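The next block holds one structure in the form of structure tokens; read it before the comments.
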Amino acid sequence: VQLQASGGGLVQAGDSLRLSCAASGRTYSRYAMGWFRQAPGKEREFVAAISSSGSSTYYADSVKGRFTVSRDNAKNTLYLQMNSLKPEDTAVYYCAAEQTYGLVTVQSSYEFWGQGTQVTVSS
């Protein structure tokens, strides 16, 4: 599967953004999906995960209550709705896919990665 992330940009603290991740292939619904981010000078970290059906989700504590991960399997698209953005959310955001039905939160478990989209939150 090939992944293409989009939707990043420059926003002010408190604003919202919605990231999208378009996936190629006819078996998208068999893939668990995740969002990760990498801030300058830091390691890439887990943000959110969603099961292949979309029935289960999991979030990093730092984004819980502000971010919502969802997917539309008919459109082969993964989303990350980000509300109440903070300067510390500034990072390159990556989507990832792994062919399994459950939740995947470990970075090394993901086989496929998108190219990343930059999110910058000014104070």
Review point. How high is the relative contact order of segment 66-123, in percent, counting Cα pairs under 8 Å that sit 6 or more residues apart?
Key: 34 percent
Study note, to complete from the structure: The extension gain from Asp72 to Glu111, computed as 0.36 nm times the residue separation minus the Cα-Cα distance, is 12.0 nm
Check your understanding: Where in segment 63-77 does the amide nitrogen come within less than 17 Å of the point 7 Å from the Cα of Ser29, taken along Cα to Cβ?
Key -> 71-77
Check your understanding: For segment 53-62, what does the Karplus curve 6.51 cos²θ - 1.76 cosθ + 1.60, with θ = phi - 60°, yield as ³J(HN,Hα) per residue in whole Hz, taken in order and with x for Gly and Pro?
Key -> 7, x, 7, 10, 9, 8, 10, 5, 4, 5
Revision key, fill the gap. Between Leu85 and residues 5 or more places away or on another chain, the pairs with built amide H atoms under 5 Å apart involve Gly14, Asp15
Revision key, fill the gap. Taking a crude spin-label model, label points 7 Å out from Cα along the C-beta direction, the Lys42 to Asp61 distance in nm is 1.4 nm
Study note, to complete from the structure: FRET efficiency (Gln2, Ser84; Cβ distance; R0 41 Å; to 0.05) is 0.85
Point to revise | Solvent exposure of the chain as accessible area per residue, Å², 1.4 Å probe | key: 50 Å²
Point to revise | Of all accessible heavy-atom area on the chain, the percent that carbon and sulfur account for (1.4 Å) | key: 44 percent
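The values are calculated or read from the model by the stated rules, or taken from the named source; none is laboratory data. Keep in mind the model is a prediction, meaning the values are calculated, not measured. Quick reminder, even Gly has a Cβ in these numbers, built from the backbone with ideal geometry, and neighbours come from all protein chains shown. Each accessible area value is taken on the protein alone, full model and side chains, heavy atoms only, with ligands, DNA and RNA left out. Shrake-Rupley method; radii C 1.70, N 1.55, O 1.52, S 1.80 Å.
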